[in-house]
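Everything on this sheet refers to the single structure shown next.
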Amino acid sequence: MAELTFEYEPRDQFMPLHERDQRWACLVVHRRGGKTVACINELIARATYTNKSDARYAYIAPFYRQAKDVAWQYLKNYGEGVVTKIRESELRVELFNGAWITLYGADNPDALRGLYLDGVVLDEYGDCRPSLWGTVILPTLVDRKGWAIFIGTPKGKNHFHEVKVRSELEPNWYHMTLKASDSGLIPDEELGEMKAQMSEEEYAQEMECDFEAAVKGTYYSHIVHQMELNGKISDGNPLWDPEKKVRVSSDLGRSDSTAWWFWQDGELGPQIIDYYEATDNIVDDLIDLLRSKTYEYEDVWLPHDAYAHTFQTRRSTMEQMMDADFPVKMVPKLAVQHGIDAARKILPLCTINRELCYDGVEALRAYKRKFNELTRAFSESPEHTWASNGADAFRYMALVCNEKEYIQEEVKPAVPVFKSPEYKLDDLWKDREQKGTRYKTLRM
């Protein structure tokens with residue numbers, strides 16, 4: 001074979017990455033540090049010199065459009081000389097030896113199921129859903145003994161942080177943290193300009209690779225962090241009491257995933273025993289899920305749109321689940337902000353099994369407000385990301401929990417207590433819908 005030449009000239013900082021012999025790697029690199037260019041060329045080099053037949057490699061960004069905008073031109077430019085076919089519609093190139101390199105978005109994980117891969121780069125892994133690695137990507141690598149590189153910039157102590165910690169401890173991992181103050185890749189005057197125009201937290205996170213820096217715009221990350229410090233989110237404690245019934249709240253995804261929280265009421269707060277999230281949006285699958293658990297259900301709370309009839313069955317999700325003998329109830333249809341306020345009150349009272357609720361906890365940690373680039377301010381509405389489903393399901397849970405139930409001290413009510421043994425929450429809500437009156441809070 002003729003000698004191959006590449007346009008890529010590796011920066012000194014990335015030579016250890018290219019020369020590594022570890023199967024797994026984690027790169028925590030400051031903005032504009034060149035990590036994407038280095039990893040695209042790592043894919044090209046590995047695909048070029050592989051001795052495997054029909055080799056397949058992938059670059060995965062949080063969103064498909066992001067993969068195209070960030071990496072597609074790099075792949076075409078640096079692949080000249082070894083790429084023989086370019087498939088624009090598929091974001092795929094084929095090399096002279098039959099190997100493929102394809103760009104994907106983590107927002108469509110089903111496109112990756114059933115594939116095999118010999119190597120993969122996961123860019124900005126902290127912005128991808130936590131289950132992407134274990135349930136989707138890792139199975140594509142095992143039979144081919146493929147490798148993986150996780151790259152990104154810190155966004156709090158999320159699942160990317162856990163990968164970073166693991167890479168520092170285990171010998172079969174390669175790890176590199178490259179801070180702007182150490183890399184020498186950005187001139188000092190430019191760094192000074194960035195410091196002057198960024199907040200201290202933003203600069204620490206984006207340029208100094210600080211996982212401790214606060215992530216702006218998040219709703220619950222500070223609460224989750226405090227709960228971890230207080231031992232209220234921990235492994236090893238199953239929490240489930242088989243003698244008590246289990247309560248459930250859900251967010252039913254239509255075009256994305258469905259999320260379920262499972263909890264029992266404890267003396268001091270909800271004991272969250274389980275969490276489930278998947279793209280199982282057919283009602284029969286949801287029924288099978290609930291039946292597969294060994295729980296006896298006290299109530300199963302569904303969102304307001306569960307009343308909508310599906311095109312396939314002409315029957316609503318609520319009707320089908322009621323026919324399956326589940327104690328179904330409907331969450332009150334209140335403003336999103338009301339639910340977020342309720343979640344902020346309920347969450348600190350919760351105790352959570354991290355092992356069974358890992359993806360749910362990370363969803364709560366990552367849930368954040370939209371950022372308006374024009375006004376340079378956060379809006380009042382949440383940003384729709386992979387974290388939305390789990391956070392919405394928890395919001396519904398908070399709306400049906402009463403934090404006052406968990407306060408041990410007796411508090412004398414400011415107004416007479418209104419009690420009606422025959423007037424339940426569902427009746428109260430129906431009455432409100434029929435009369436069209438504004439929602440009024442009764443101090444109980």
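May I ask you to list the residues in the stretch 62-100 that are buried (at least 17 other Cβ atoms within 10 Å of the Cβ), in contact (Cβ under 8 Å) with a residue 24 or more places away in the chain and not aliphatic (A, V, I, L, M)?
If the condition is that a residue be buried (at least 17 other Cβ atoms within 10 Å of the Cβ), in contact (Cβ under 8 Å) with a residue 24 or more places away in the chain and not aliphatic (A, V, I, L, M), then Pro62, Phe63, Tyr64, Gln66, Trp72, Tyr74, Tyr78, Gly79, Asn97, Trp100 are the ones that fit.
Take the conditions in the same structural domain as Arg31 (by TED's automatic domain parsing) and out of contact with any Lys or Arg (no Cβ under 8 Å at 6 or more places or on another chain) and apply them to Val142. Does it pass? Reasoning before the result, please.
Details: in the same structural domain as Arg31 (by TED's automatic domain parsing): yes; out of contact with any Lys or Arg (no Cβ under 8 Å at 6 or more places or on another chain): yes.
Judged against the criteria, Val142 is a match.
Scanning for something of a type in the set (D, E, K, R), at pLDDT 90 or above and either outside the structural domain of Thr385 (by TED's automatic domain parsing) or not in a helix (DSSP H, G or I) (or both), does the stretch 288-297 turn up at least one residue?
In the first step, residues of the stretch 288-297 are kept if they are of a type in the set (D, E, K, R); the result is 288, 291, 293, 296.
Imposing the further condition that a residue be at pLDDT 90 or above reduces the set to 288, 291, 293, 296.
Remaining after also requiring either outside the structural domain of Thr385 (by TED's automatic domain parsing) or not in a helix (DSSP H, G or I) (or both): 293, 296.
Scanning the stretch 288-297, I find at least one residue that is of a type in the set (D, E, K, R), at pLDDT 90 or above and either outside the structural domain of Thr385 (by TED's automatic domain parsing) or not in a helix (DSSP H, G or I) (or both), so the answer is yes.
Need pairs with beta-carbon distance below 6 Å; first residue within 13 Å of Glu355 (Cα to Cα) and within the stretch 215-237, second in a strand (DSSP E or B); sequence gap 6+ or separate chains.
Lys232/Thr351; Ile233/Ile352
Out of all the residues in the stretch 157-168, is one or more over 24 Å from the mean Cα position of the chain (by Cα) and touching a residue at least 60 places away in the same chain (Cβ under 8 Å)?
Just the residues of the stretch 157-168 that are over 24 Å from the mean Cα position of the chain (by Cα), to begin with: none.
No: the stretch 157-168 contains no residue that is over 24 Å from the mean Cα position of the chain (by Cα) and touching a residue at least 60 places away in the same chain (Cβ under 8 Å).
So which helices (runs of 4 or more DSSP H) stay within the stretch 1-117 end to end and still have 3 or more residues that are in the same structural domain as Ile151 (by TED's automatic domain parsing) and more than 30 Å from Asp210 (Cβ to Cβ)? Steps first, answer last, please.
Numbers: elements: 15-19, 35-49, 64-67, 73-78.
Filter on the stretch 1-117 gives 35-49, 73-78.
Go through (1) touching a Lys or Arg at 6+ places or on another chain (Cβ under 9 Å); (2) within 21 Å of Val361 (Cα to Cα); (3) among the β-branched types (Val, Ile, Thr); (4) at pLDDT below 95 and name the single condition Val246 misses.
Condition not satisfied by Val246: (4).
What is the residue count in the stretch 185-201 for residues that are among the acidic types (Asp, Glu) and more than 20 Å from Glu212 (Cα to Cα)? Break it down stepwise before answering.
Our first condition is that a residue be among the acidic types (Asp, Glu); within the stretch 185-201, this holds for 188-190, 193, 200-201.
Then keep just the ones that are more than 20 Å from Glu212 (Cα to Cα); that gives 188-190, 193.
Residues meeting the conditions: 4.
Here are some conditions: (1) in the same structural domain as Asn402 (by TED's automatic domain parsing); (2) in contact with a helix residue (DSSP H, G or I) (Cβ under 9 Å, 6 or more places away or on another chain). Lys244 meets all but one. Which one does it not meet?
Lys244 satisfies all of (1) in the same structural domain as Asn402 (by TED's automatic domain parsing); (2) in contact with a helix residue (DSSP H, G or I) (Cβ under 9 Å, 6 or more places away or on another chain) except (2).
If Asp188 passes every condition in (1) surrounded by fewer than 20 Cβ atoms within 10 Å (Cβ to Cβ); (2) modelled with pLDDT under 90 but one, which one does it miss?
Failed condition: (2).
Where the second residue is small (Gly, Ala, Ser) and in a helix (DSSP H, G or I) and the first is within 12 Å of Gly146 (Cα to Cα) and lies in the stretch 35-57, which pairs have Cβ atoms under 9 Å and are six or more apart or on separate chains?
These pairs meet every condition: Ala55/Ala47; Arg56/Ala47; Tyr57/Ala47.
The values are calculated or read from the model by the stated rules, or taken from the named source; none is laboratory data. For clarity, every value in this text was computed on a predicted model and none was experimentally measured. Heads up, the Cβs are rebuilt from the backbone with ideal geometry, glycines too, and the neighbour counts pull from every protein chain shown.
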